[in-house]
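For reference, the structure discussed in these notes is given below.
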């Protein structure tokens, strides 16, 4: 089985419900993953928007998720299952889609990484640049799920 991640509440490439966005409850959706390499020791997650006007916008960073965990429930904004990084809203945890109004749909990628280490040695609240540098050294596999959102 190939490594895959599923986001509950909407289908792949479909519109995300308002409850996961700044126009709703701004809660993180439930995630499930499976099919990781046998040597996986932990997982890491990036949620981002490559369509943001100023470049890719980071919505959520989580790492050091133990290998025995294969899901995050809805509302895991500041997950106790790992460490959380600083998103581009300037906060730790999840920040839902909030693209400029009437500018068309944006794509939101939920990217789960299987890692060869149980800890990538970053402090809670680290920025994406430090996270990605550490991630490159330890990524075994990546799974991705994309949703869309447009504000009117």
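The values are calculated or read from the model by the stated rules, or taken from the named source; none is laboratory data. What you are looking at is a predicted structure, and each value in this text was computed from that prediction instead of being measured. Because the Cβ atoms are built from the backbone with ideal geometry, glycine has one as well, and the counts that use them run over all protein chains shown.
Quick look at the values:
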| item | result |
| --- | --- |
| Scan of region 40-59 for residues that are within 17 Å of residue 96 (Cα to Cα) and in contact (Cβ under 8 Å) with a residue 12 or more places away in the chain, ordered by number | 45, 46, 47, 48, 49, 50, 51, 52, 53, 57, 58, 59 |
| Number of the condition not met by residue 63 [criteria: (1) part of a helix (DSSP H, G or I); (2) in contact with a helix residue (DSSP H, G or I) (Cβ under 7 Å, 6 or more places away or on another chain)] | (1) |
| Qualifying residue in region 35-51 (condition: modelled with pLDDT under 95, touching a helix residue (DSSP H, G or I) at 6+ places or on another chain (Cβ under 7 Å) and either assigned to a strand (DSSP E or B) or within 21 Å of residue 120 (Cβ to Cβ) (or both)) | no |
| From 135, 140, residue being assigned to a strand (DSSP E or B) and either at pLDDT 90 or above or surrounded by fewer than 17 Cβ atoms within 10 Å (Cβ to Cβ) (or both) | 140 |
| Complete set of residues in region 12-22 that are assigned to a loop (DSSP other than H, G, I, E, B), in contact with a strand residue (DSSP E or B) (Cβ under 9 Å, 6 or more places away or on another chain) and within 9 Å of residue 96 (Cα to Cα) | 21 |
